[in-house]
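First up is the structure itself, then whatever we jot down about it.
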Amino acid sequence: MDFIDNNSPHQFWLAKSFILLSDIYLKNGDEFQAKHTLKSIEENYPEPNDGIMETTHQKLQLIEAGEAAQTKNQSKPLEINIGGEKK
């Protein structure tokens, strides 16, 4: 966070710091912050060809795939077995 707060002129390493921060958010179970940290890189990082955008897109795809799987599992109807009948 200190490196991020210093407004470093080294944009590549600043973006790497944000990627690491998103990994930390994920490890701590905060998918929302991880996703939006990566989205900020996607929206603001100036260099398209140094690997940062590729890494960012890969990580965003993984998070979004996890969200889609979670949503799919939550959208199944609840089945309750009462006296042998499913209701």
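The values are calculated or read from the model by the stated rules, or taken from the named source; none is laboratory data. This one's a predicted model, so the numbers in the text were calculated from it and none came from an experiment. Positions of Cβ are generated from backbone atoms using ideal geometry, with glycine treated the same way; all protein chains shown enter the neighbour counts.
Observations, loosely collected:
- Residues that are under 20 Å from Asn6 (Cα atoms) and over 10 Å from the mean Cα position of the chain (by Cα), drawn from region 25-42: Ser40, Ile41
- Of all residues in region 31-65 being part of a helix (DSSP H, G or I) and of a type in the set (Gly, Ala, Ser), the one that is surrounded by the most Cβ atoms within 10 Å (Cβ to Cβ): Ala34
- Candidates Ala69, Ala65 - the one that is within 16 Å of the chain's Cα centre (by Cα), small (Gly, Ala, Ser), at pLDDT 75 or above and farther than 30 Å from Gln11 by Cβ: Ala69
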